[in-house]
Structures are given as structure tokens and as C-alpha cells.
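Note sheet for the following structure.
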Amino acid sequence: MSAAPVSAGEFAALMAPLGPFGPAPRLAAGVSGGPHSLALALLAQGWARDRGGDLLALVVDHGLRPESGAEAEGVLATLAAQGIAGRLLRLGLAPGPGMQARAREARLAALLAACHEAGRPWLLLGHHRADQAETLLFRALRG
């Protein structure tokens, strides 16, 4: 099932109930490099720029695979080519039990800390239905 692209106007309508953002909103977005988070970054950058603000893309490298650092740098390059400022957050997690939960907690903590350091009161995260289903499944398995 594919969804129709979201227009700038539709995105603005979706953002409206989340505010008020005030003049020149300074947003941050977690960007994994997947299509959903890249689309969110592009839409959020345009939305913020139209209001005199900007977006800082936050790319997390969990450090669990040898190639993850290069992949994260590639995401930053893709964003930069679109005029979106980015920052790399390296976590260096150790493999082991509970990796999914530990990675999720460490990622959110790093994203929130980076927002605080950069003076970005708004953090956008792109999730789709499959992400939400996965979250519910993990919660159910944990009881």
C-alpha cells in the first residue's frame, strides 16, 4: 500500500495542532536515512523556513556495525545536498541482551540532549504504522 505524497499545505495543517511554535521555529528531527525520516526532514525544513526558522537533522550512529558510521555520514551528505544542517550523534552501544530496548532508550536520550544543547525545543520523529505495530509488539512481549 503506497500513500500519496504530502503537500506543503497538508504538512502545515498537520503541524498546526502541535504548536504554537512562535516566530522562527527552531526544529530538530531524528533522521535515520530511511524514506520516512528523509521525507519528514524535507517537509519540516520547508515548513520552518517558510516561517523564518530552520531545521537541524540529528542522525544517530548506534555503532553496532562496522559500516554504520559511513552510512550515517552518507545520510548527513544527502541532507546537506538538500540544504539541511545535520549533526551526527555517535552512541557506541555494546551488543548484548535487550539490544532493541537499549538502543531505543539511548537514541531518544541522545536526541533529546542534542535538542537541548542546540536550543531546539521541538523534536520531530517519523514513524509509520509498521513502526507503531513493532512498538506495541515489544511492549506486549515485555508484559
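The values are calculated or read from the model by the stated rules, or taken from the named source; none is laboratory data. These numbers were taken from a predicted model, which means no experiment stands behind them. Virtual Cβ from ideal backbone geometry, glycine too; neighbours counted across all protein chains shown. The protein model used for the area step is the full one, side chains on, heavy atoms only, and it has no ligands, DNA or RNA in it. Shrake-Rupley method; radii C 1.70, N 1.55, O 1.52, S 1.80 Å.
Yes/no per residue for (1) at pLDDT below 95; (2) in a helix (DSSP H, G or I); (3) surrounded by 14 or more Cβ atoms within 10 Å (Cβ to Cβ); (4) among the small types (Gly, Ala, Ser):
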| residue | (1), (2), (3), (4) |
| --- | --- |
| Ala3 | yes, no, no, yes |
| Met15 | yes, yes, yes, no |
| Phe21 | yes, no, yes, no |
| Ala29 | no, no, yes, yes |
| Ser32 | yes, no, yes, yes |
Complete set of residues in the range 95-108 that are of a type outside the set (Asp, Glu) and open to solvent by 60 Å² or more (accessible area, probe 1.4 Å): Pro95, Pro97, Gln100, Arg102, Arg104, Arg107, Leu108
Quick check on the range 34-71: of everything there that is open to solvent by 70 Å² or more (accessible area, probe 1.4 Å) and under 12 Å from the mean Cα position of the chain (by Cα), which residue is farthest from Ala4 (Cα to Cα)? Leu42
Which numbered condition in (1) assigned to a helix (DSSP H, G or I); (2) free of Cβ contacts under 8 Å to residues at least 12 places away in the same chain; (3) more than 22 Å from Gly119 (Cα to Cα) is the only one that His36 fails? (2)
Go through Ala130, Ala103, Ala118 for me and flag whichever is modelled with pLDDT of 90 or more and under 21 Å from Ala41 (Cα atoms). Ala118
Being within 25 Å of Leu14 (Cα to Cα), open to solvent by 60 Å² or more (accessible area, probe 1.4 Å), at pLDDT 95 or above and assigned to a helix (DSSP H, G or I): is that true of Leu112 here? yes
